[in-house]
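Input: a single structure, listed below in structure tokens.
The values are calculated or read from the model by the stated rules, or taken from the named source; none is laboratory data. This structure is a prediction, so every number in the text was calculated from the model and none was measured. Neighbour counts run over all protein chains shown; Cβ positions are idealised from the backbone, glycine included. Heads up: the accessible areas ignore ligands, DNA and RNA and are worked out on the full protein's heavy atoms, side chains in. Shrake-Rupley method; radii C 1.70, N 1.55, O 1.52, S 1.80 Å.
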Amino acid sequence: MSQLEPFLAFSAEVTAFPIVELQGTGQAESYLQTVEDIVGTQRLDRLLVLYQSLPLATREDIRQARADRLRRDIFGSDELGPIARNIIKLWYSGTWYELPSAWTEAYGPAPQDVTFVVAPSSYVEGLLWTAIGAHPAGAKAPGYASWQWPPHIPPFAGDPAATPR
Amino acid sequence: MTSDTPFDAVIVGAGVAGALIAKQLTGAGLRVLLLEAGPGTSQSFNGYSRHLQQFYGATSKSAESPWPPAAAAPQPDSSDLRNNNGYFVQRGPDLYGSTYTRTWGGSTLHWLGVSLRMLPEDFRMHSRHGVGRDWPLGYNDLAPFYARAEHELGVSADVADQRYHGVSFAEDYDYPMQRVPLSYSDRVLGAAVDGMTVWFDHESFDLKVRSYPAARNSIPRGAYQPVGAVDLHDDGSSNPPLLGGRCQGNTSCTPICPVQAKYNAGKSLAQADRRYLTMLVQAVASKILVDPANGGVQGIEYKRYQDPASTRFTTAVAKGRVYILTAHAVENARLMLASGLTGPRGQVGQTLMDHPALYAWGLAPLAIGAFRGPQSSAGIEDLRGGAFRARHAAFRFDIGNDGWRSTTGAPDSTVSEAVMSQRLFGTALRDQLANLLSRQVRMSLAIEQLPDPANAVTVDPQYLDALGNPRPVISYHIDDYTKAGMVAASGVARALFRRAGVQDFSESGNGSWFPSVYYQGREFHYHGMGHFSGTHAMGDDPQQSVIDPDQRAWQHHNLFLAGSGSFPTMGTSNPTLTLAALALRTADHLVATLQQ
């Protein structure tokens, strides 16, 4: 059974980009593969199972409880937190960053764990560029003279800076 | 050893100077042999695109990242600087911070494209300010060649913006293309800064955020045709450019313009008359063979390699009527010295200069849209000239459109900081990145440096590259004249940020590592601008200079050394336009003499 679906669900929540935009990058499969190759399928499975066990955020008070659990159980975990943070950075910049040495000492070795750009296309598809209303340096150029206007930073669901209705 | 057919001219180095001379000479029907030490992979559009993919996939997006060296033609790399373990052997006391690229097209493949003329006073530093030395040429001598160079390189600017500090233009002249539009960031900064007054002693200067001339294609004037991407094939055929007729705002002038809307030397080579041009890539010039009786050059020995990954080579000798070194300020000097040619009073390699530059960076009070547009589109030019140059260096500011990329490694470092240190994720992370990255502002403060014989490229038989060619050994220090310029420039930057409401991070300690110098109790982190110059300076006096105003070696009647190595002083402009103008002037001289 592919872990793609829960991987995308987790990725969407921690990057604040909807699943459809994550899929639109064309990178989902290779990112999942990258994480599995480096930290192992079982460890990633544990992270995703834990994620799926979080309370569903249907009400405001439960939403807070879910965020607390996410922070405590996944990002706060010595073992899973660094992996979760690396998944965010993968999506934002297309780069796998070498895990902290404390992680490798406790849970390693992870022989493929070096800093690398997953693929030329993953650099180009980094989410950070969309998040800041720009484009990756050297790709997806917006066109002549576009730079003379203010940036368009796209709104997103749950944006804490957005004016409440 | 084998001998090649004689040519009218043998040119060493397929960078901007060599390309312009090759184009002019072949255009006059003169037979040219062009030797390039590096590979020719950027000649075809497919090959160029592989360099782009290499950049996308590189972990470090440095200026060199798309342009790896061949094993037989090593080059300096900015990542070597900290441990001083690269191609350069740096003897100090300060580190020379710049790099260049040995490949077909040269360092114009990753230059920013700034195409400023030097100021009239830059040519007369000694008589005007009592420092440095005078050029044997003046602004008016070079002005017609500047105009031609601006057309060869395809420079976008409006003359109306460029008349300052005595820079003048012919009455009916304008640049071949309209100025590149200022970025939103430039306009926000300009609204706050324009009219700000700076005092140096009793002299005042009003600052202005000004569009600078850029060799990036914009809207053409009149009949001018912008030149786009190069696509040359091995059989000598070429395809017309499908891309690059206009800057698209890739924010990647350095290290690679994906569409070649920015000038690179390949564009001039693509316009050379192929009937008269023979190009040999992967051919490393290793020795200039000189007739000891009269100093005349009899040939240039070169080492040819078949595989960029290998150091196996065969040796041959190129012969022509004249020889023109356009290999780079450092490589020209290195080749001369490797051949035992030290020039009058041993001046070859001496008076190496750069523009040691400081960064100033901060957060604007509103989203100014960093990481968009050409990498920069404006500068502050008002402090490039003035009576203060008797006491301290002049400088210019380049105002970036690429956030804190060069100062801190943003945007990736900003993402890492937010995720790893601040432990952000989800909506809070995305909100923070949008908020921070779109407000990042960066200026480069490029400071003038004077010629000093102690700053020199030398060779030493104990330091050889893989082919057995000597590596450049560099002695370099930054003197008080330049350091006092750093004090002045950083003070202006600070005041400018204050006036614009920019939160200043320049002293925050969050910058990437750069070499330091100390002055009056302060530490200045500086970086190189890639503006190598002065290593074979021109002059009127055969005892006090290496070459004459035509860039001919005083001691070798058929040898020319062209490029920024020819500059007696460098002012504050980046050297490319001036060296292009000098190359065109030398090409005229060569055509006139060789056609006799």
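Points worth noting:
- With the largest listed first and rounded to whole Å, the semi-axes of the equivalent ellipsoid of the range A:4-148 from the Cα gyration tensor are 27, 21, 13.
- Over the range B:252-380, accessible surface divided per residue gives 29 Å², non-protein components excluded, 1.4 Å probe.
- Alpha-carbon centroid distance for the pair the range B:173-232 / the range B:348-382, whole angstrom: 13
- Projection of the Cα convex hull of the range B:490-594, averaged over all directions and equal to a quarter of that hull's surface, yields 10.2 nm².
- Straight-distance candidates among the lysines for linking to B:Lys262, with alpha-carbon spacing under 17 Å and chain neighbours fewer than 8 residues away dropped: A:Lys140.
- Once backbone amide H atoms are built at 1.01 Å from N, B:Arg384 has B:Phe395 as its partners under 5 Å, excluding neighbours fewer than 5 places away on the same chain.
- Residue-by-residue Karplus 3J(HN,Hα) for the range A:84-94, coefficients 6.51, -1.76, 1.60, Hz, glycine and proline x: 4, 5, 5, 5, 4, 5, 4, 5, 6, 10, x
- Fraction of the pair-distance distribution of the range B:1-115 above 25 Å, Cα-Cα pairs, percent: 35
- Förster-model FRET efficiency, 35 Å R0, A:Trp149 and A:Ala57, C-beta, rounded to 0.05: 0.40
- Principal axis extents of the C-alpha atoms in the range B:256-349 (largest first, rounded to whole Å): 49, 30, 29.
- Each residue, B:Ser204 and B:Thr315, gets one label point 7 Å from its Cα in the Cβ direction; the gap between the two is 6.7 nm.
- Annotation: amide H of B:Ala318 within the under-5 Å range of B:Ile300, B:Glu301, B:Tyr302, sequence separation 5 or more or interchain, hydrogens built in the peptide plane.
- Rel. contact order, % - alpha carbon contacts under 8 angstrom, at least six apart, chain B: 22
- Take the Cβ atoms of B:Ala71 and B:Thr197, set R0 to 45 Å, and the FRET efficiency comes out at 0.25.
- Label-zone membership for the range A:1-26, site A:Gln42, 7 angstrom Cα→C-beta point, backbone N under 18 Å: A:1, A:3
- Set of the range B:415-456 residues, backbone N closer than 18 Å to the point 7 Å along the Cα-Cβ line of A:Ala157: B:425-431
- Net lengthening on full extension, B:Thr59/B:His477 (0.36 nm per residue, minus Cα-Cα): 147.3 nm
- If you take the Cα centroid of the range B:5-50 and the Cα centroid of the range B:399-424, the two points sit 40 Å apart.
- Excluding same-chain neighbours fewer than eight residues apart, the lysines reachable from B:Lys303 by a Cα-Cα span under 19 Å are B:Lys287, B:Lys319.
- Cα-based Kirkwood hydrodynamic radius, chain B, one decimal, Å: 24.2
- For chain A, calculated [θ]222 nm from helices alone, where every DSSP H run of n ≥ 4 adds -39500 (n - 2.57): -14000 deg cm²/dmol
- Reachable aspartates and glutamates from A:Lys89, criterion Cα separation under 13 angstrom, eight or more residues apart if same chain: A:Glu98, A:Glu125, B:Asp412, B:Glu417
- Sites B:Asp141 and B:Glu171 - FRET efficiency at Förster radius 25 Å, r taken between beta-carbons, to 0.05: 0.85
- Taking all C-alpha pairs of the range B:286-403, those more than 22 Å from each other amount to 62 percent.
- Computed over protein heavy atoms with a 1.4 Å probe, the accessible surface of the range B:494-596 works out to 37 Å² per residue.
- Helical mean residue ellipticity (222 nm; -39500 (n - 2.57) per DSSP H run of 4+; nearest 500) of chain B: -7000 deg cm²/dmol
- Label-point gap, in nm, between B:Asn85 and B:Arg391 - each point 7 angstrom along Cα→Cβ: 4.5
- For the range B:81-120, the residues whose amide N sits under 11 Å from a probe point set 7 Å from the Cα of B:Asp460 along the beta carbon direction are B:89-92.
- Trypsin sites (Lys or Arg not before Pro) restricted to DSSP loop in the range B:1-84 with at most 16 other C-beta within 10 Å: B:Arg82
- Using Cβ point charges alone (K and R +1, D and E -1), the dipole size of chain B about the Cα centre works out to roughly 820 debye.
- Largest to smallest principal axis extent of the C-alpha atoms in the protein assembly as shown, angstrom: 92, 64, 53
- Lys, Arg +1 and Asp, Glu -1 on Cβ, resulting dipole of the range B:1-124 about Cα centre, debye, nearest 20: 180
- HN-Hα J in Hz across the range B:530-535 - Karplus 6.51, -1.76, 1.60, θ = phi - 60°, x for Gly and Pro: x, 9, 4, 6, x, 7
- For the range A:9-20, 3J(HN,Hα) per residue [Karplus equation, 6.51 cos²θ - 1.76 cosθ + 1.60, θ = phi - 60°, Hz, x = Gly/Pro]: 4, 4, 4, 4, 5, 7, 9, 6, 10, x, 3, 4
- Centroid-to-centroid, using Cα positions, the range B:506-521 and the range A:99-114 are 33 Å apart.
- Placing pseudo-labels 7 Å out from each Cα toward the beta carbon at B:Asp235 and B:His126 gives an inter-label distance of 5.7 nm.
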